[in-house]
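Structure, as structure tokens:
The values are calculated or read from the model by the stated rules, or taken from the named source; none is laboratory data. Computed from a prediction, not measured in an experiment: that's the story for all the values here. Backbone-built Cβ (ideal geometry, glycine too); neighbour counts: all protein chains shown. Areas reflect the complete protein model, heavy atoms only, side chains present, ligands, DNA and RNA absent. Shrake-Rupley method; radii C 1.70, N 1.55, O 1.52, S 1.80 Å.
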Amino acid sequence: MTFDANVFFDDSLPRLVETVAAELGDEGLAAGVVLRDASGRLAFFAGYPLDAERSQRLATRLLGELRAYARTDRVLVGPSDFGAKEILEDSSVLQCRVGQRTVRLADRRLVGADWLRKPAELAPPPPRFVFASLKGGVGRSTSLSVVAAHLAARGGRVLAVDLDLEAPGLGALLLTRDILPEFGTIDALVENNLHELNDSFLSDLIGPSSLASRGGRIDVVPAFGRRSLDNPGDILGKLARAYAEDIRPDGSVATILDQVRDLIDRLASAGGYDAILVDARAGLHETTASAVLGLGADVLLFGLHEEQTFQGYTALLAHLARLVPPGSLVPEWVERLTPVQAKAPVDAIARSEFNQRWQSMVREHGPLATAWVAPREVQIPEGFRDVPWNEQVPDEEVLPPEWSLLEPIAVLRDDRFERFDPLRRRDLLSEEVYRSTFGAILERVEGAVFPKNEVSS
Amino acid sequence: MTTTNKDFVALRDELASWPAESSSDAHGVQAPAEREVYAPATHSAALDPASTIVQGSRGTGKSFWAGVLGDPSLRAATAKAYPRLGLDQLDVRFGYTGLAGPEGVDKEKLDECVSPRAAIDEARVFWWATILRAIDSSVGRTARRPKEFLDVAANIEQREAMITAHARRLQAHGSTLLIVYDALDTLASSWKRRRMLTLALLEVVWAMRAWRAIRPKLFLRPDQLEDESLRFVELPKLRTGAVRLTWSGTDLYALFFARLSTGHAADSFKRLLASLSLPWVPYDQILARQWPLAHDEQSQRRLMAALAGAHMAPGPHGHKKGNTYDWPLKHLGDAFDEVTPRSFLSLSIGAAKYGESPPEDRVITPEGIRHGLRAASKMRVDQLHDEFPWIKGVLAPLAGLLLPCDEKEVFKVWKKAKTVSEAVESAKRHGYLPPFPEQEDADERNLYMALKRIGVMFRRQDERLDMPDLFRVAAKLLKKGGTAPL
């Protein structure tokens, strides 16, 4: 056995897995659960009792292999030991692929725990769309504004919510200073720590955008309301408190995900809206988790055709893959993820480069990965020239898989929308102008918001 | 007039009754018939007597158009669709059709003239003979065998005198003789001979540009024209001037609706059109494309939504699975992104046959459309199989692969299945062209190249190999006799 001087985070789990598998075999590994504590240290909870000698040997080997990443008090825990039952039966346990093996992992995080939550089921109508991205400047807020204006022009009633507290954009895009509401989402997340939000507070979060015309309506919940802009010195102070966990009256804890979900649910049920559009915070922060996983929404994952996009989304998708139990069908929430190539070239062939790269990434790392199993055998045809057709194969084994996660839609590069200021320059909001750039995304949203079995002409 | 459940049933029955398999010949039993002719605007260039080479993959309508041109009454009907081409001023004769019979010239008649070990001069004489034969029949004599023209064809002076004399006659009448060559993949059963014969024909065709009143027209598969081993200094000009027969999505839907409009359920179709405020027009006007459904995509989409529902799945999230209008077009394309009318119609027929109890207010369902891809996929591979009898044995081992993938993975699968040697042996045993032009080229890489040439596989921009859905489905539908570990 080699005792390398340094063991780092990325090494620790593979080392544990290999060591346990060497001692107990794949079965023993599968029966147990790995606990990773808040600082990252690991312990293995065996699924069945081990005899003293074996237990001693495995514990020694684990300590040697994991070094700083071993939980020194108890690196190996038997099933009847104190607290073991709780871990072994923990429903939040994730399946992780580690090399060729999989292992069950109980991940205890101080921050980022919302990423471990079971993704919310599809929210009841009206349909919700989350505009998410890893970076700013990909045209997320612009797209959202165009979609909102378009839906309103068709007579729709739209609620637009800005969850990007660090880099707010919607308020400035869609509201003028004189119609800015008293409060913003930042206030809602701060105030709810201390008291229940009542209906009058909620209505003070909403400003009507003058972008809506011809019968529709766009209600906007900006990140910062009028009070924030009047007291800019307090904004960072509020920000520091917005993400805090909230203790509910019954004593249970509401994470930021619960709080955001609760806020959106209440706003959604109040207004008689046809669509709810949410601008999520860029990046892989905790608040992004609440928007991506927690709202029961359709999630549009914006990205430019560049290396960072793929690095970031690989991390996100690989994490989401861990939320899919192995051997199970692809869950419904996966169907609600749609990639959007932002600032895409007009040339379809150039766009397909992005699509191909995206598809490879999803196949390798994403939550659909369980649907692909690497082939282990070659099918030898019956005969060579006259191979008969086999009519017995069911359709689902033959026909192409259809996941929106594999089919990026495009928002085209369009300089006219670069410094978008729709309230001042309305000429860009004529349908023939924006349709050519945002057509794919409009079609997707329209399909959900105005579902009818007819094609509009 | 309102559409009733009966109308949907009638349309469904009509669609399901269409023959699932049909391919055309230039003449004979499978020659095109009236009412089958649908004339897309884009095919105008291909039918133009001035376009010498028309290339199209299997199933794009090469033999169909060859047959239409060769039949005076169909030609007259088609002239209405393309009034500027002067099709009614033409006299059309066949130079090669791959079919026996008095009109036809096939491999047998060719072999009679060109000896097994012939050099290219002999082949050229044969092609000149086909031109002289066409002239001979054009002046009203009963068709004779090309063999009888070999002597004149071999003599430059006599040959040119005969051609020039006829060209003058034609010019005096303001008429043009069009000599149509079709089924040129049947020239020979070895690569070497086929190349030699193709090259000789192209040389003769090039020389024919000296006579404006006598125009040869070749319907040729792209892989035969683009064969890199053809060496002829004027070839780039011929290739560049070649017109490609293709079908746009709008053309395919127009063809589909035209068939429904002239079929047995025409009355039901009329009522359906009326309910959508779309006009119904008689066949003549359809042929002349004086119908919004011939070119207006929005009208076509509305009609398709009425036939099949708008989206590929029911419910509020159905739109994410795409719409019923685009889905067939998206999945039926080959590696050149071309959809053939036969594939498109097969899918529709397959959709109409699917499901035990037909829907009350629809002709076909999304599930039916999806299932129809199977029918289209089999049809396409069966068609390719006629020309490339190795196709099924080569496709089948790819069924389990996760495409796209690295070429190494693809080659490994063929190696394990011994596909290359099977292909070589099978071609030898059954006397067909193997996928490899040269014996020493018999390897996995050239097998891929063969599939690439005919639009079955392609290389993506990330260098990995991929296959269109149309053929992936077929690969999975081919029966396996067993498996071998990878």
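Take the alpha carbon atoms of region B:221-272, find their center, do the same for region A:1-74, and report the distance between the two centers in whole angstrom.
65 Å
Efficiency by 1/(1 + (r/R0)^6): what FRET value for B:Arg231 and B:Asp337, r their Cβ-Cβ distance, R0 = 25 Å, to the nearest 0.05?
Result of the calculation: an efficiency of 0.25.
Work the Kirkwood hydrodynamic radius out for region B:395-479: mean of 1/r over every pair of different alpha-carbon atoms, inverted, in Å.
Numbers: mean 1/r = 0.0755 Å⁻¹.
So the Kirkwood estimate lands at 13.3 Å.
Suppose every K and R has +1 on its Cβ and every D and E has -1 on its Cβ; what is the size of the dipole of region B:249-384 about the Cα centre, in Debye to the nearest 20? Kindly include the intermediate steps, with their values, before the conclusion.
Numbers: 16 positive and 14 negative charges, 43 e Å.
So the dipole magnitude of region B:249-384 works out to roughly 200 debye.
When the gyration tensor of region A:88-210 is built from Cα positions, what are the square roots of 5 times its three eigenvalues, in whole Å, from largest to smallest? Show your work: numbers first, answer last.
Numbers: eigenvalues 247, 79, 45 Å².
One finds semi-axes of 35, 20, 15 Å for region A:88-210.
What's the magnitude of the charge dipole for region B:395-479 around its Cα centre, counting Lys and Arg as +1 and Asp and Glu as -1 at the beta-carbon? Answer in Debye, nearest 20.
Numbers: 16 positive and 14 negative charges, 69 e Å.
Charge dipole of region B:395-479: 340 debye, to the nearest 20.
If all Cα-Cα distances of the protein assembly as shown are sorted into 10 Å bins from 0 onward, what percent lands in each bin, rounded to whole numbers?
Answer for the protein assembly as shown: a P(r) of 2, 10, 16, 18, 18, 15, 10, 6, 4, 2, 0, 0 percent.
Compute the longest continuous run of chain B that contains no exposed trypsin sites (Lys or Arg not before Pro); treat a site as exposed when its DSSP state is not H, G, I, E or B and it has at most 15 other Cβ atoms within 10 Å. Let's see the in-between values first.
Values: sites that count: B:Arg35, B:Arg117, B:Arg141, B:Arg144, B:Arg212, B:Arg231, B:Lys418.
Longest stretch, sites excluded: B:232-417.
Put +1 on the Cβ of every Lys and Arg and -1 on every Asp and Glu Cβ in region B:163-312; which of B:Gln298, B:Trp191, B:Thr250 then has its Cα farthest towards the positive end of the dipole?
B:Trp191
Carbon and sulfur: what percent of chain A's accessible surface (1.4 Å probe)?
Numbers: 10530 of 20790 Å².
Carbon with sulfur: 51 percent of the solvent-accessible area.
If you take the Cα atoms of region B:41-244, find Rg, then find the Kirkwood Rh from the mean of 1/r over all pairs, what is Rg/Rh? All intermediate terms of the calculation are to be shown ahead of the outcome.
Numbers: Rg = 15.8 Å, Rh = 17.0 Å.
When Rh is taken as the Kirkwood radius, the ratio is 0.93.
Could I have the simple spin-label model distance between A:Ser328 and A:Ile349, label points 7 Å from Cα toward Cβ, reported in nm to one decimal?
4.4 nm
Based solely on its DSSP helices, what 222 nm [θ] is calculated for chain B when runs of n ≥ 4 H residues each add -39,500 (n - 2.57) and the sum is averaged over all residues, nearest 500 deg cm²/dmol?
Working: 24 runs with 246 residues, N = 486.
Theoretical 222 nm ellipticity from helices: -15000 deg cm²/dmol.
Got a sec? What order do B:His295, B:His43, B:His311 fall in by accessible area at 1.4 Å, biggest, i.e. largest, first? Provide the component values of the computation, followed by the final result.
Values: B:His295 115, B:His43 0, B:His311 45 Å².
Ranking B:His295, B:His43, B:His311 by accessible area, largest first, yields B:His295, B:His311, B:His43.
Summarise the long-distance tail of P(r) for region A:1-120 by giving the % of C-alpha pairs beyond 26 Å. Mind showing how you got there, number by number?
Values: 974 of 7140 pairs.
Summing the P(r) of region A:1-120 above 26 Å gives 14 percent of all pairs.
At a threshold of 8 angstrom on Cα-Cα distance, excluding pairs fewer than six apart, so keeping six or more, what relative contact order does region B:428-486 reach in percent? Let's see the in-between values first.
Details: 24 pairs, mean separation 9.4, N = 59.
Taking the mean separation of contacting Cα pairs over the length of region B:428-486, I get 16 percent.
Find the accessible area per residue for region A:9-108; the probe is 1.4 Å, ligands and nucleic acids are left out, and the unit is Å².
Working: 5020 Å² over 100 residues.
Per residue, region A:9-108 has an accessible area of 50 Å².
Hey, how many Å between the Cα centroid of region B:423-486 and the Cα centroid of region A:220-280?
Centre-to-centre (Cα) distance: 58 Å.
At 0.692 mPa s and 37 °C, plugging the Kirkwood radius over alpha-carbon pairs of region B:77-191 into Stokes-Einstein gives what diffusion coefficient in µm²/s?
Numbers: Rh = 15.2 Å.
Taking Rh from Cα pairs, D becomes 217 µm²/s.
Taking each pair of distinct Cα atoms in region B:144-264 once, what is the resulting Kirkwood hydrodynamic radius in Å?
On the way: mean 1/r = 0.0575 Å⁻¹.
Every distinct Cα pair counted, the radius reaches 17.4 Å.
Mind computing the radius of gyration and Dmax over the alpha-carbon atoms of chain B? Å is fine for both.
24.2, 77
How about region A:13-111: which GluC sites (Glu not before Pro) there are in a DSSP loop, with at most 14 other Cβ atoms within 10 Å of their Cβ?
Taking region A:13-111 and a limit of 14 other Cβ atoms within 10 Å, the loop GluC sites (Glu not before Pro) found are A:Glu89.
So if the hydrodynamic radius of region B:304-401 is defined as the Kirkwood radius over C-alpha pairs, what does Stokes-Einstein give as its diffusion coefficient at 20 °C and 1.002 mPa s, in µm² per second?
Values: Rh = 14.5 Å.
My calculation gives 148 µm²/s for D.
What's the carbon and sulfur percent of chain B's accessible surface, probe 1.4 angstrom, rounded to a whole number? Write down the numbers at each step before the final one.
On the way: 9820 of 19760 Å².
The C+S portion of the solvent-accessible surface of chain B is 50 percent.
Run the numbers on region B:363-486 and let me know its relative contact order in percent, using alpha-carbon pairs under 8 Å that are six or more apart. Walk me through the numbers before you get to the answer.
Numbers: 118 pairs, mean separation 42.9, N = 124.
The value is 35 percent.
Which whole-number percentage describes the relative contact order of chain B, with Cα contacts under 8 Å and a sequence gap of 6 or more? Mind dumping the intermediate values first?
Numbers: 761 pairs, mean separation 85.1, N = 486.
It rounds to 18 percent for chain B.
Compute, for A:Thr72, the solvent-accessible surface of its heavy atoms (probe 1.4 Å) with the complete set of protein chains present, and express it in square angstrom to the nearest 10.
Per-residue accessible area (A:Thr72): approximately 120 Å².
Could you tell me whether chain A comes out rounded, prolate or oblate from its Cα gyration tensor? Rule is a ≥ b ≥ c as square roots of the eigenvalues, rounded for a/c under 1.5, then prolate if a/b exceeds b/c, otherwise oblate.
On the way: a/c = 2.32, a/b = 1.39, b/c = 1.68.
Verdict is oblate for chain A.
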